[in-house]
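Novice: Sharing a structure here in structure tokens format.
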Amino acid sequence: MKKSILGLILSLVIFPLFAIEKIAPDPAAVKLVGEFMSALTITDESERLQTILPMVHDSLKTKDKKDLFSSVKQFSYKRAVDMVKLYKNPVEIGEVHKGNSMTIGFKETAEKGRRDKYFVKKKDGINGLPAPIHVFIPEGGGAPKIYDFGSL
């Protein structure tokens, strides 16, 4: 009896709190993800970085906004550049998971909004799951920005 009551409580109250809400893709965010993925294929390192910088959220950049933080550059960015060849180009979005409202960044880069996950499909014949690209949608409008791309 206790197990069935606990199961009922979990299924009616707790599990829905963690449910993933799938939403329709925002056209501006899809365009951004496509441009970002294309920019990752630029062979000239300096040109690639300069193309990507305007697309990513300021919280991933150095104070002068002329580079990515070294930790982002050494890990997420490097991996994304190496792995972009596994994904469809032009980009195909499999699904979008709606994120919660939050504040990202710190001090001058702090901004309220929502962080949605745009799942990019791999090329045909490539095993593995689609990669989530986190797109920050600013509260009250404004252009979306790439916030996380570390899973490519």
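Novice: Of the numbered conditions (1) in a loop (DSSP other than H, G, I, E, B); (2) under 15 Å from the mean Cα position of the chain (by Cα), PRO90 fails exactly one; give the number of that condition.
Specialist: Among (1) in a loop (DSSP other than H, G, I, E, B); (2) under 15 Å from the mean Cα position of the chain (by Cα), the lone unmet condition for PRO90 is (2).
Novice: Any residue at all in the range 51-58 that is acidic (Asp, Glu) and under 15 Å from the mean Cα position of the chain (by Cα)?
Specialist: Within the range 51-58, one or more residues are acidic (Asp, Glu) and under 15 Å from the mean Cα position of the chain (by Cα).
Novice: Any idea which residue in the range 66-85 is surrounded by the fewest Cβ atoms within 10 Å (Cβ to Cβ), counting only those that are touching a Gly at 6+ places or on another chain (Cβ under 8 Å) and among the small types (Gly, Ala, Ser)?
Specialist: SER76
Novice: Let me ask you something else. Looking at (1) modelled with pLDDT of 95 or more; (2) closer than 26 Å to ALA19 by Cβ; (3) not basic (Lys, Arg), can you tell me which one MET83 breaks?
Specialist: It fails just one condition, (2).
Novice: Let me ask something additional. Report every pair of residues separated by at least 6 positions or lying on different chains whose Cβ atoms are under 7 Å apart, first residue within the range 41-65 and surrounded by fewer than 17 Cβ atoms within 10 Å (Cβ to Cβ), second among the hydroxyl-bearing types (Ser, Thr, Tyr) and not in a helix (DSSP H, G or I).
Specialist: From the range 41-65, no pairs qualify.
For (1) crowded, with 19+ Cβ neighbours inside 10 Å; (2) in contact with a Gly (Cβ under 9 Å, 6 or more places away or on another chain); (3) under 19 Å from GLU35 (Cβ atoms); (4) hydrophobic (A, V, I, L, M, F, W, C), each residue gets a yes or a no:
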{"position": "GLU95", "(1), (2), (3), (4)": "no, no, no, no"}
{"position": "ILE104", "(1), (2), (3), (4)": "yes, yes, no, yes"}
{"position": "VAL120", "(1), (2), (3), (4)": "yes, yes, yes, yes"}
{"position": "ILE137", "(1), (2), (3), (4)": "yes, yes, yes, yes"}
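Novice: I need a count of the residues in the range 98-152 that are within 19 Å of ALA28 (Cβ to Cβ) and either in contact (Cβ under 8 Å) with a residue 60 or more places away in the chain or among the aliphatic types (A, V, I, L, M) (or both).
Specialist: Of the residues in that region, 16 qualify.
The values are calculated or read from the model by the stated rules, or taken from the named source; none is laboratory data. Predicted, not measured: the structure shown is a model, and the values here were computed from it. Backbone-built Cβ (ideal geometry, glycine too); neighbour counts: all protein chains shown.
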